[in-house]
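Here's the structure we're looking at; comments come further down.
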Amino acid sequence: MFDVLSRLIRTGILTEPTPAPSQSAVAPEELQSEILKIVGRALCIRHVDAGSCNGCELEIHALNNPYYNLEGTGIKFVASPRHADMLLVTGPVSVNMEEALKRTYDAIPEPKLVIAIGDCGACGGVFGENYASRGAISNVIPVHHTVAGCPPSPADILSAIIYMVLAANDRR
């Protein structure tokens, strides 16, 4: 026990400092009113892992922590594509997930918004196209926006979601 305590005292605090807030950050109240104006209710997102390494999933799950507070801004993840307004897809599309991804896309009501998360989703990443992978998500379903990074930060993913909501508002 004393060994552990003395090691803690010698090494000190090793955590990273909290990230500085970006200048382009939208206030949660402002974001909530925009979402309500566009969608008329909470923005519902369906997430599909099409064959990723789970790095992007960890960053997406971080959006639900108190720091990003996704639920507090009126954005929530849903289990059924029939309730979704937006589809987040991660990873290169594996051959075994191709049909499931197409069915999920078809089940989402119009207008469909699709975001490809990570380098693997954007271009196939290190997996590329081969006998087990179809590569980029855009090879299987239409993609409206991609988020680069391996994995992209939660802030980048949230920015892409906000961008798509604002772009959908401009199309109206």
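The values are calculated or read from the model by the stated rules, or taken from the named source; none is laboratory data. Just so we're clear, the structure is a prediction, and the values are computed from it rather than from any experiment. Heads up, the Cβs are rebuilt from the backbone with ideal geometry, glycines too, and the neighbour counts pull from every protein chain shown.
Scanning the stretch 72-89 for residues that are of a type outside the set (Val, Ile, Thr) and either assigned to a loop (DSSP other than H, G, I, E, B) or under 14 Å from Pro154 (Cα atoms) (or both) yields Gly74, Ala79, Ser80, Ala84, Asp85, Leu88. Of everything listed in (1) within 20 Å of Phe77 (Cβ to Cβ); (2) part of a strand (DSSP E or B), the single unmet condition for Pro109 is (2). Residues in the stretch 149-163 that are touching a helix residue (DSSP H, G or I) at 6+ places or on another chain (Cβ under 7 Å) and assigned to a helix (DSSP H, G or I) were compared, and the one that is farthest from Gly124 (Cα to Cα) is Ile162. Candidates in the stretch 134-172 are the residues that are among the polar types (S, T, N, Q) and more than 13 Å from Thr90 (Cα to Cα); of these, the one that is surrounded by the most Cβ atoms within 10 Å (Cβ to Cβ) is Ser159. Among the residues of the stretch 106-129, those identified as at pLDDT below 90, out of contact with any strand residue (DSSP E or B) (no Cβ under 6 Å at 6 or more places or on another chain) and over 18 Å from Ala148 (Cβ atoms) are Glu110, Pro111, Lys112. What pairs come out if I take residues in the stretch 52-69 that are free of Cβ contacts under 8 Å to residues at least 60 places away in the same chain and pair them with residues that are surrounded by fewer than 17 Cβ atoms within 10 Å (Cβ to Cβ) whose C-beta lies under 7 Å away, six or more apart or interchain? Note: pairs meeting the criteria are Asn64/Glu71; Asn69/Pro28. May I ask you to list the residues in the stretch 21-59 that are assigned to a strand (DSSP E or B) and at pLDDT below 70? Selection gives nothing. Considering the stretch 68-122, the residues that are acidic (Asp, Glu) and buried (at least 19 other Cβ atoms within 10 Å of the Cβ) include one that is nearest to Ala167 (Cα to Cα), namely Asp85.
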